[in-house]
Structures are given as C-alpha cells and as structure tokens.
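The values are calculated or read from the model by the stated rules, or taken from the named source; none is laboratory data. Note that the coordinates shown come from a computational prediction; the quantities given were computed from them, not determined experimentally. Quick reminder, even Gly has a Cβ in these numbers, built from the backbone with ideal geometry, and neighbours come from all protein chains shown. The area values use the complete protein model at the heavy-atom level, side chains included, leaving out ligands, DNA and RNA. Shrake-Rupley method; radii C 1.70, N 1.55, O 1.52, S 1.80 Å.
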Amino acid sequence: MNKEHIKSAILIILIGMSVILSWSLYTYQPDIALLDVSSRYVSNELIGEERSLHEVIRPDQIVVHADGEKAMIPRDRGDFYELLEKLGQANYEADHVFMTEPYPLITERGGIELVFPTSIPAELFFTMLTLEDDYQTPISEIDRVYLYIHDVHDQVYMQYYSSDERRVGSLKSNLSVGEFERLFIQNRDEYVTVRSLEEERAQSSLMTEHVYVTTEPMIVDTLSYGASPISIDLFRQSLFTDPSAVKYYQQSDGEDSYTDGNRMINLRHNGTFMEYGNPMFSEVQELSKHVTQAGYEFINGHGGWTDDYILSNWMNLNNREEVEFRLHMNGLPVFSIDGKDLMKLSVMRSGNQIVAYSRPLFDLDLVPLNTTQRVELPSGEDVVRSLQQDDYYERQRIVKVSLGYEMEMRNPTFVTLEPHWYVLYGNRWQRIEASQVEAVSQEQTVDEEEGADDDDGLESN
C-alpha cells in the first residue's frame, strides 16, 4: 500500500468520525434538571392538591324543615357531608322554571334547605350535578337549594333559588325517598333548633340577607393546631414563566420579594403570607368564564389547595373581579388571624388575566393538638337582639351573622382557634364580643321582669 492509499484511508476514517460526532452532537439532549436544580419543574402535589368543585363549593347552612319547625345540621356532623355526597351522586332531570312559585315549597313530609355563603353561577352549579339532558335556565345565579318530598309524585324534587333575581327553578331527582326521610328529616331532634329571620328582616330592615339563627346557646371547641410552613420556592416555580430569571431582594420594611421584572411575589407578616401580582397588560377580551370558575381553575392549576378552603364570596370591583375561598376549621369559617382578615385564598382578575393572588404560607395539621376546652356562646337570637339595640350599627348595612373562629399565631409552628360570633357589616366581618351580647340579654331580662311586675300590679287593682 503506497502513501496515497494510506492518506485516503485516514481521510475516510476522519470523515466517518466527523459524521458520527456531528450526529451525536445534533441528537444530544442534556438533562438540564440535573445541572440546574433551581430550574426544575415542581409538581403540583408538592404545594397542596387539586380538588373538585364539590370540595370547594359547599353550603353555609343545611336546615331541615318539618312539622312547622326548623333544625340546622351542624357542619361538624357526618350527616352534613353525607347529604352533600348523595346530592352529587344523584341524577336529575328538568322540571320547570317559575317566577311566582313559593320558595321553599313546604310539603307535609318536609324538606331540607341548603344556604350557600354566596351566589354560585348557574352554569357552574349545574356542572356539579348529573343532568340527563343539556339543561338551560334563565336564572343566572343560585344561592339556595331546597330538597323536598313531592306529596303527589312521591319523589324528591330540588328547588334552586336566586335571592337577587327572585326566581325559582325545579328539578326531579332519583334520590331515594325513604332514605332521604330516614337519614335526615327524621333525625331533626339531634340537630340545632333555629329560627328564620325572614319576617323580622322584612319589617325592620335588620338584615340584607335571609338567615337562620340558633335559639339556644352554642357550645363550641377551642382548638390548637401545629402549623407547617409552605416553601415560597414552590410558588416561585409555579407562578413565574421562567423561574431561573426570578431575582430576590429585600424591601425597606424587611420583607422579602421575588420578581422577574413583571410578576412579583411579596412576603408579608414574617413570611407567613404571600401576595402575588401580575400587572402585565393584556388586551380586553370577552370574558370566557365566571371569576369563580377562573379563580378555582387558577388555584387548581398549581395544586394550591392545602387546608379546607371553601368558596365564600366574589365581587366586581370596577374593572376587576375578585373571588375568595375562606379557611374552615371544625366546620366553621376562620374570619381573622391576629385581628386581620387574611385566612383565605383570594384571586383577582382583570379581563381574562389573573392579576393578583394572596394566601397564607402555612398548612395546619389534620388533627388538633387540643380539643378539651369548650366555650359557651350566646344564641344567634341574642346576638341579633344586641345588634338591634346597638347604635353603632346601621341596620341597612348588616348583612348576616355567623359563628366563626379567630386565629392566634403564637409562633410560626403553632396556632389557636377561639370561637366567636361575627357580623358581616357592609363588606367586612366584625367580631361581636360575648360581653356585649350578655349585657343586652340581661337588660332585656330586667325589662321583662319589671313588665311582669307592672302587669301583676295592674291586675291586683
């Protein structure tokens, strides 16, 4: 073999190696996640979890109507959730939509009313039901539902009602009449007696919403829970388009912030709460879905459900809309922490774009540390009576009253929950002191006794 042949062979080998190396380089895909831990995608499960609509849209009150009496199923009883489960499993078919039918339609065999904390878009409400046909209704929002046993057809019917629109619709269900009656209506003696304020509300303009209040004092647990922090890094990975471009800096007040130049996360209250902002401009588009659904899907999108957060309110604020999911513990809403109304997931939208999101950055243990301490609170009737006699409150601004919890965070890993009565005054929940209610109750007792003495004196003459 001469030198020319050797050169040709070496050239062919080099060309072949070049082709192989070029192909390897072209097809090579490095494992960036191993090289740069900060840029890895974090799965939703590491924040919290995804949830169904049934889990985050629930009634405030479930009231049994029977024999002219009303009793409320406590939210910490299994019956409360068993009824909701059966409603979700049942099948429904269209009946009618009425403008004048009475609500609730009281029948001889009784019924059960579900009162939601805020109105629910009708299309969203019906997605939680199994309907046989494509169902259409002129009612746009639903805030009450009444299940009753039809006296003629021996079938469980559902009335759905809009307080704002004063319209009622009706559906037929395949719920078992016997089971419905046996499990819920016949057990009403085990529930809490309540009274409707509908008549009093109409006469005195005391409440702007129809509510039921308890007639006897309430015994409620004081609770203590361990708390676990939720890492802000999980939200940094989920809420920013390019987490590797996010920069950290400390504000003048000492709080931490993260930003990519557009979006921003600010930590508040020593890192126990976060505020996310996305002020990027987007063209105004026709809204594709209600803010309630948009907020629910946004939180679901990053697995943001941690503790028991329930839809509590939504509102229009000029060019923006906001939806709130409030924390519930032991079946009761948590209205404040250390005096601030922060225990909720709040999502704000402008057009079709989420522009703000705030929430706690801690998760409570499933089991309380202490449930031995119990507190006796006044009846709902006494609370309403105290509001009537308190000059501070303008009656037309009183919306409703509710039992709830005040949370105290003694340190980042421990919280206590103390029960109180609250009044929704305008757009803000305010705590009602038990001493204030007791003073009014005592004054009324004295007045009643003096009145009785006067009556006796008149009769003796």
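From the set of residues in segment 419-428 that are in contact with a Phe, Trp or Tyr (Cβ under 8 Å, 6 or more places away or on another chain) and either crowded, with 21+ Cβ neighbours inside 10 Å or modelled with pLDDT of 95 or more (or both), which is nearest to R374 (Cα to Cα)? The qualifying residue nearest to R374 (Cα to Cα) is P419. Scanning segment 343-367 for residues that are open to solvent by 20 Å² or more (accessible area, probe 1.4 Å) and closer than 17 Å to H328 by Cβ returns K344, D363, D365, L366, V367. I'd like to know if segment 87-107 contains one or more residues that are open to solvent by less than 30 Å² (accessible area, probe 1.4 Å), polar (S, T, N, Q), in contact with a Phe, Trp or Tyr (Cβ under 8 Å, 6 or more places away or on another chain) and closer than 18 Å to Y212 by Cα. Taking every residue of segment 87-107 in turn, none turns out to be open to solvent by less than 30 Å² (accessible area, probe 1.4 Å), polar (S, T, N, Q), in contact with a Phe, Trp or Tyr (Cβ under 8 Å, 6 or more places away or on another chain) and closer than 18 Å to Y212 by Cα. Note on segment 301-391: enclosed strands (runs of 3 or more DSSP E) holding 2 or more residues that are among the charged types (D, E, K, R) and on the phi < 0 side of the Ramachandran plot are 320-329, 344-350, 374-377. Of all residues in segment 302-337, those satisfying the criterion of being open to solvent by 20 Å² or more (accessible area, probe 1.4 Å), modelled with pLDDT under 95 and in contact with a Ser or Thr (Cβ under 7 Å, 6 or more places away or on another chain) are N319, R320.
Put simply, of R349, R320 the only residue that is farther than 22 Å from D76 by Cβ, touching an Asp or Glu at 6+ places or on another chain (Cβ under 7 Å) and touching a residue at least 24 places away in the same chain (Cβ under 8 Å) is R349. Report yes if some residue within segment 142-157 is open to solvent by 30 Å² or more (accessible area, probe 1.4 Å), out of contact with any Leu (no Cβ under 6 Å at 6 or more places or on another chain), outside any loop (DSSP other than H, G, I, E, B) and of a type outside the set (D, E); otherwise report no. No, that holds for no residue.
List every residue pair whose Cβ atoms lie under 6 Å apart, where the two residues are 6 or more positions apart in sequence or sit on different chains, the first residue falls within segment 368-396 and is surrounded by 11 or more Cβ atoms within 10 Å (Cβ to Cβ), and the second residue, located anywhere, is among the small types (G, A, S) and part of a helix (DSSP H, G or I). The qualifying pairs are D382/S441. Counting only residues that are open to solvent by 30 Å² or more (accessible area, probe 1.4 Å) and within 20 Å of the chain's Cα centre (by Cα), segment 75-86 holds 8 of them. Given the conditions (1) modelled with pLDDT of 95 or more; (2) over 29 Å from L403 (Cβ atoms), and given that E286 satisfies all but one, which numbered condition is not satisfied? Unmet condition: (1).
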